[in-house]
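Here's the structure we're looking at; comments come further down.
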Amino acid sequence: MPIPNPRELRLAVRSGQFTGHTSGHCRGFVQGNVVILPEDWAGEFLRFCQLNPKPCPLIAVSDAGQYSLPP
């Protein structure tokens, strides 16, 4: 049965109660991964994602040195 709440899913994963794939849980929310690269690699990675939007969708991109993402 899917876990509908992101907070509940994170807690279940952290506690070891949930060990499966997270895809299909928390409908209505976007699951994201963070990629941190050296600044001189960022443009190439951005282009790679633009050319491969289905497997590598970009949700947000920060400026170099920033620790938060734009809304």
>> As an exercise: evaluate Lys54 against (1) surrounded by 10 or more Cβ atoms within 10 Å (Cβ to Cβ); (2) modelled with pLDDT of 90 or more; (3) out of contact with any Ser or Thr (no Cβ under 8 Å at 6 or more places or on another chain); (4) assigned to a loop (DSSP other than H, G, I, E, B) and give the number of the one condition it does not meet.
In response: (1)
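How many residues does segment 10-50 hold that are charged (D, E, K, R) and over 18 Å from the mean Cα position of the chain (by Cα)?
Looking only at segment 10-50, we keep the residues that are charged (D, E, K, R), and these are 10, 14, 27, 39-40, 44, 47.
So of that shortlist, the ones also over 18 Å from the mean Cα position of the chain (by Cα) come out as 39-40, 44.
Of the residues in that region, 3 qualify.
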> His21 passes all but one of (1) loosely packed, with under 13 Cβ neighbours inside 10 Å; (2) closer than 23 Å to Ser68 by Cβ; which number fails?
Replying inline: (2)
>> So if I check each of Leu46, Leu11, Leu69, which one is surrounded by 10 or more Cβ atoms within 10 Å (Cβ to Cβ) and assigned to a loop (DSSP other than H, G, I, E, B)?
In response: Leu69
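Taking the conditions exactly as written (polar (S, T, N, Q) and surrounded by 10 or more Cβ atoms within 10 Å (Cβ to Cβ)), does Gln31 satisfy them or not? Full working, then the answer.
On the way: polar (S, T, N, Q): yes; surrounded by 10 or more Cβ atoms within 10 Å (Cβ to Cβ): yes.
In short, yes.
The values are calculated or read from the model by the stated rules, or taken from the named source; none is laboratory data. Quick caveat, the model's predicted, so the values are computed rather than measured. Counting neighbours? That spans all protein chains shown, and the Cβs are built from the backbone with ideal geometry, glycine included.
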